[in-house]
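S.K.: Here it is, the structure, as structure tokens.
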Amino acid sequence: QVQLVESGGGLVQAGGSLRLSCQASGIISRINVMAWYRQAPGKQRELVARITRSGTTNYADSVKGRFTVSRDSAKNTVYLQMTSLKPEDTAVYHCNADEGIREYWGQGTQVTVSS
């Protein structure tokens, strides 16, 4: 079992920055990929960024150049640094841990960007 706890969301003006954190606990040795997803009201959940065990990162086109995913293995924590935020980035952001045969989700953290 893996538990994920997100933090760092909030209200920010357009152009501002936020850093989300996702701390993992439990049996984390089986995790292959950590990712951030988001879901805006009335929209489907979408992948924002992911980082593999080897450190390879991938980003949605809409956030490339603005968001950065990173990790601190010593703290079992994955971060999402968000800059140049836009109102369309407003969503609940969820952390995801993928073991390949099983995946886990955090409870989500709200990010609201005002224009």
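S.K.: Over the heavy atoms of I31, what accessible area does a 1.4 Å probe trace out, to the nearest 10 Å²?
M.R.: 20 Å²
S.K.: Moving to a separate point now. Keeping every protein chain present and rolling a 1.4 Å probe, give me the accessible area per residue for the chain in Å².
M.R.: Computed with neighbouring chains in place, this is 54 Å² per residue.
S.K.: When all protein chains stay in place, what accessible area (Å², nearest 10, 1.4 Å probe) is found for E99?
M.R.: About 30 Å², rounded to the nearest 10.
S.K.: Stretch I27-K43 to full length: gain in nm at 0.36 nm per residue minus the Cα-Cα span?
M.R.: Result for the pair: 2.6 nm of gain on full extension.
S.K.: I need to check one value: relative contact order of the chain, counting alpha carbon pairs closer than 8 Å and at least 6 residues apart, in percent.
M.R.: 37 percent
S.K.: If we restrict to alpha carbons, what Rg and Dmax does the chain come to, in Å?
M.R.: Calculated on Cα positions, Rg and Dmax stand at 13.4, 41 Å.
S.K.: Right, next: Would you compute the Debye intensity of the stretch 15-62 from its alpha-carbon atoms alone, equal scatterers and no solvent, and pass along log10 I(q)/I(0) at q = 0.25, 0.27, 0.32 Å⁻¹ to two decimals?
M.R.: -1.12, -1.17, -1.23
S.K.: In addition: Which percent of the accessible heavy-atom area of the chain goes to carbon and sulfur, probe 1.4 angstrom?
M.R.: Roughly 47 percent of what the probe reaches on the chain is carbon or sulfur.
S.K.: So how strong a dipole does the chain carry about its Cα centre when Lys and Arg Cβ are +1 and Asp and Glu Cβ are -1, to the nearest 20 debye?
M.R.: 140 debye
S.K.: Hey, which aspartates and glutamates would be in cross-link range of K64, C-alpha to C-alpha under 19 Å, not counting anything within fewer than 8 residues on its own chain?
M.R.: Output for K64: E46, E88, D89.
The values are calculated or read from the model by the stated rules, or taken from the named source; none is laboratory data. The structure presented is a predicted model; accordingly, all values stated were derived computationally and were not measured. Every residue, glycine among them, receives a Cβ derived from its backbone with ideal geometry; neighbour counts consider all protein chains shown. Calculation scope for accessible area: heavy atoms of the full protein, side chains included, ligands and nucleic acids excluded. Shrake-Rupley method; radii C 1.70, N 1.55, O 1.52, S 1.80 Å.
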